[in-house]
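Novice: Would you mind keeping the following structure in view while I ask a few things?
The values are calculated or read from the model by the stated rules, or taken from the named source; none is laboratory data. It should be emphasised that the depicted structure is a prediction, and the values quoted were computed from it without experimental measurement. Backbone-built Cβ (ideal geometry, glycine too); neighbour counts: all protein chains shown.
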Amino acid sequence: MDSKKQKNSASSQENIVELIQTNGLKSTTNRVFRYIGVKTPIQLLPTENLSYSTLYRLFELRASLLPRVSDKNPLDLVWLTPNKVEYLHPPGPPRPPDRYGYVIGGQWDQNKIQFDDYFAHRSLVDRYENGFDWEETELFEWRQSNIKSGKSPRELSSIDELQEYLNKIDELYKSISGGGYKTQRKLIEHNPAQARLTNNDTFNAALHEICVNIGRNGELIKRGSGQHRLSIAKILDLDEIPVIVKTRHAEWQQIRNEIRSKSDPQELTTKAKSKLNHPDLADIVPEEWLE
């Protein structure tokens, strides 16, 4: 290394040391990640083949280093009855946040529709409750139209590929109705290669659960992977399913923070008291507070 490069390198190291001394390690790390255009340290690594435990620890590390991240690890699943997920972010702009474990304010949670009214869910209801052929459903008509116009999502380019896609939904329905609902962690333990193969929505199969965002008042809003699984769980009236929370609204995270900071439910605000039975708070609300 020539003397000029050595001097620049030494200067850079001195600047970093000075930043750490002035602002602390956490603040300095945040600045470095922003500078290099990386939003989380997890994105620095090839994550597809990371084990569950390694990915969990990386999320914990991220929470200790970066702001705007929830106290709850995304891999700590939230268990709830399927009908608790009442809403869906509709396709198209404006795009809602899609970040695992992040806390974001703003109006994004107002962009939602009733999940049960969405045409894709109605199509699965028609298929499995009303006995429709796929060709009679809105889902088939919509995807067929998109194939003909060259705008089909999921890279479906022919009716044969569409039929294969619909057959996979039938197989999923039979699997859940006959063998029960299994978490991605269980599926990975049973057949890791197959779990990775069926993961078409996210960067690691462990995250390929039904995913939701949570709005400011605790509304559960479907976002990301698992739309067919959620529809099937609703149709089968399953008692309980696991979900991953992607983004929490900043006002909802304030309720989590408030509950974690109190030792007596009487110290809580009226809004926080009214949410104690929310499934996203089950990990931090003492059982005696619910009696």
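Novice: Can you name every residue in segment 233-262 that is more than 23 Å from V69 (Cα to Cα) and small (G, A, S)? Can you show your working first?
Specialist: The first filter runs over segment 233-262 and keeps only residues more than 23 Å from V69 (Cα to Cα), leaving 233-241.
Listed by number, the list holds a single entry, A233.
Novice: So, in segment 94-136, of the ones that are among the acidic types (D, E) and under 24 Å from E219 (Cβ atoms), which residue ends up surrounded by the most Cβ atoms within 10 Å (Cβ to Cβ)?
Specialist: Ranking the candidates gives D109 first.
Novice: Would you check which residues across segment 137-184 are more than 26 Å from the chain's Cα centre (by Cα), surrounded by fewer than 12 Cβ atoms within 10 Å (Cβ to Cβ) and of a type outside the set (G, A, S) and list them?
Specialist: K148, D160, E164
Novice: Tell me whether segment 270-283 contains one or more residues that are of a type in the set (D, E), surrounded by fewer than 18 Cβ atoms within 10 Å (Cβ to Cβ) and either modelled with pLDDT under 95 or more than 16 Å from V212 (Cβ to Cβ) (or both).
Specialist: no
Novice: Among L172, L207, L187, L124, which is the only one that is of a type outside the set (K, R) and free of Cβ contacts under 8 Å to residues at least 60 places away in the same chain?
Specialist: Result: L187 is the single residue among L172, L207, L187, L124 that is of a type outside the set (K, R) and free of Cβ contacts under 8 Å to residues at least 60 places away in the same chain.
Novice: Just the residues that are part of a loop (DSSP other than H, G, I, E, B) and surrounded by fewer than 13 Cβ atoms within 10 Å (Cβ to Cβ), please, taken from segment 246-268. Before the answer, list the steps.
Specialist: Looking only at segment 246-268, we keep the residues that are part of a loop (DSSP other than H, G, I, E, B), and these are 262-264, 268.
Listed by number, the residues that qualify are S263, D264.
Novice: Could you pull out the residue among N217, N200, N191, N213 that is surrounded by 14 or more Cβ atoms within 10 Å (Cβ to Cβ), more than 12 Å from the chain's Cα centre (by Cα), polar (S, T, N, Q) and more than 18 Å from T137 (Cβ to Cβ)?
Specialist: N217
Novice: Looking at segment 106-156, which of its residues are at pLDDT below 95 and under 20 Å from R95 (Cα atoms)?
Specialist: K151, S152, P153, R154 - these are the residues of segment 106-156 that are at pLDDT below 95 and under 20 Å from R95 (Cα atoms).
Novice: Quick check, is S225 hydroxyl-bearing (S, T, Y), touching a Cys at 6+ places or on another chain (Cβ under 8 Å) and on the phi < 0 side of the Ramachandran plot? Let's see the steps before the verdict.
Specialist: Numbers: hydroxyl-bearing (S, T, Y): yes; touching a Cys at 6+ places or on another chain (Cβ under 8 Å): yes; on the phi < 0 side of the Ramachandran plot: yes.
Yes; evaluated as a whole, the condition is true for this residue.
Novice: What do you reckon, is D109 acidic (D, E), under 25 Å from K234 (Cα atoms) and either in contact (Cβ under 8 Å) with a residue 24 or more places away in the chain or touching a Cys at 6+ places or on another chain (Cβ under 6 Å) (or both)?
Specialist: Yes.
Novice: For segment 100-116, enumerate the residues that are outside any strand (DSSP E or B) and aromatic (F, W, Y).
Specialist: Quick first cut of segment 100-116, residues outside any strand (DSSP E or B) only: 100-101, 105-112, 115-116.
Of everything in segment 100-116, those that are outside any strand (DSSP E or B) and aromatic (F, W, Y) turn out to be Y100, W108, F115.
Novice: Considering every residue within segment 227-245, establish whether at least one is out of contact with any strand residue (DSSP E or B) (no Cβ under 6 Å at 6 or more places or on another chain), within 23 Å of G106 (Cβ to Cβ) and assigned to a loop (DSSP other than H, G, I, E, B).
Specialist: Checking segment 227-245: not a single residue is out of contact with any strand residue (DSSP E or B) (no Cβ under 6 Å at 6 or more places or on another chain), within 23 Å of G106 (Cβ to Cβ) and assigned to a loop (DSSP other than H, G, I, E, B).
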